Amino acid sequence: MNTQIIKVSPINPEHNVINLAAEILKIGGLVAFPTETVYGLGADAFNPIAVRKVFEAKNRPPDNPLIVHISSSEQLMELTDFLPEVGKIITDAYWPGPLTIVVKASKFIPAIVTGGLETVAVRMPNNKVALKLIEALDKPIVGPSANLSGKPSPTSAEHVFHDLSGKIDLILDAGSTEIGVESTVIDITVHPPLILRFGGLTKEKIEQLIGDVKTTEDLKYKKRSPGTRYRHYAPEAKVVLFERSDALAFNQLVQKYIEEGYKVGYIIYSDEIRPDKNLIGRILSNDIEVYAKELFHSLRDLDLQDVGVILVESVEPRGLGLAIMDRLIKASKSKNK
Ligand code: TXA
Ligand code: MG
């Protein structure tokens, strides 16, 4: 299959481009589309054959369910028979936006979408291209991140092309995504609500609105999003984390890996860390929002430069930092490294 890339304006998406993409979805094709978080891999959520192709293209385990993307609150009511009060409150406040809610699934949703679970994850993305595409199809679309399973999520059309070229019909290229980490996933079928995945909407912002929530780090909660069981967000290179501002640890790690014969790369942000000019790396902003936006891109970039190990400076685990540390810790764990 030849994968087409078409540029589309993020501010005023061209009708003809959106219509072409919607036509592809209508006949069961796959279209990668931008959201405010990362690029998603779209298919008609009510077409099980198309949804199966999404799993195949990504090489995604079938028990890892997909997020259904909607463009209006009415569409939510086709996906669930029951929206708890707290669901209405947070979606009124934060949709469209980087928030995914898990609710009881209606009987109309194909089992392949939910991995056979009784719940479904739903989100309304804050991106004109995505919203117009869903409107043009006039149906919700599934949208896992448009990367090969296990790789860092794509924050640009080039990343999607790198992972999925030849496997999908079309990539809508609207430039780099704004947020750079995926949406926050919150299960509102339980009380108090349970954050299953930290993401673009901070825990603090959710709690301001609906009071205390639980997270999967609270030990009593064994429940996990199926996706969090798998190795994730990992570049080809080995990822090694070190404490923020810890220049001594950084220098020792550099020496250790060079002695072991690795080509060493780094991702840092604080002034205390002064890498040798011979090393390849990225110095990111200490503004956490800018850091989030650049992180996946930097991991992929260093991979392209064939480094064997990437030393990554940890961030404070609060606000967006919770999502970032979650991704980095997962990237640093691996089967055989
Ligand atoms: O920002 C995002 O959420 C991006 C953009 C494209 O919208 N999408 C995304 O999808 O990150 P994906 O498939 O890469 O991650 C979805 C996560 C997985 O961890 C999955 O296990 C979880 O949501 N999930 C989906 N349905 C669920 C359900 N019914 N119950 C619990 N977790 C669910
Ligand atoms: Mg993903």
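Please specify each residue of region 128-156 satisfying the condition of being assigned to a helix (DSSP H, G or I) and more than 13 Å from ligand 1 (Cβ to nearest atom).
Result: 128, 132, 135, 136, 137.
Rundown of residues vs (1) without any contact (Cβ under 8 Å) to a residue 40 or more places away in the chain; (2) within 16 Å of ligand 2 (Cβ to nearest atom); (3) closer than 29 Å to residue 78 by Cβ, yes/no style:
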position: 143; (1), (2), (3): no, yes, yes
position: 147; (1), (2), (3): no, yes, yes
position: 152; (1), (2), (3): no, yes, no
position: 172; (1), (2), (3): no, no, yes
position: 184; (1), (2), (3): no, yes, yes
position: 199; (1), (2), (3): no, yes, yes
Quiz item: So which residues in region 39-55 are open to solvent by less than 10 Å² (accessible area, probe 1.4 Å) and either in contact (Cβ under 8 Å) with a residue 40 or more places away in the chain or among the hydroxyl-bearing types (Ser, Thr, Tyr) (or both), if there are any at all?
Solution: 39, 40, 41, 42, 43, 44, 45, 51, 54
Practice problem: Determine whether residue 55 is aromatic (Phe, Trp, Tyr), farther than 25 Å from residue 293 by Cα and not in a helix (DSSP H, G or I). | Solution: no
Quiz prompt | Test set (1) touching a Gly at 6+ places or on another chain (Cβ under 8 Å); (2) more than 30 Å from residue 114 (Cα to Cα); (3) touching a residue at least 60 places away in the same chain (Cβ under 8 Å); (4) open to solvent by less than 30 Å² (accessible area, probe 1.4 Å) - residue 257 fails condition number | solution = (3)
Quiz prompt | Exclusive hit being modelled with pLDDT of 95 or more and touching a Pro at 6+ places or on another chain (Cβ under 6 Å), set 248, 299, 311 | solution = 299
Exercise. State all residues of region 149-196 that are under 29 Å from residue 11 (Cβ atoms), more than 15 Å from the chain's Cα centre (by Cα) and open to solvent by less than 10 Å² (accessible area, probe 1.4 Å); if no residue qualifies, say none.
Key: 164, 168, 170, 171, 172
Exercise. Might you let me know whether region 127-138 holds any residue that is more than 24 Å from residue 7 (Cβ to Cβ) and in contact (Cβ under 8 Å) with a residue 12 or more places away in the chain?
Key: no
Quiz item: Among the listed residues 287, 271, which satisfies the condition of being more than 21 Å from the chain's Cα centre (by Cα) and open to solvent by 40 Å² or more (accessible area, probe 1.4 Å)?
Solution: 271
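The values are calculated or read from the model by the stated rules, or taken from the named source; none is laboratory data. The structure displayed is predicted, hence computed values, not measured ones. Here the Cβ is made from the backbone with ideal geometry for all residues, glycine too, and neighbour counts use every protein chain on show. Remember, those area values only see protein heavy atoms, side chains included, never the ligands or the DNA or RNA. Shrake-Rupley method; radii C 1.70, N 1.55, O 1.52, S 1.80 Å.
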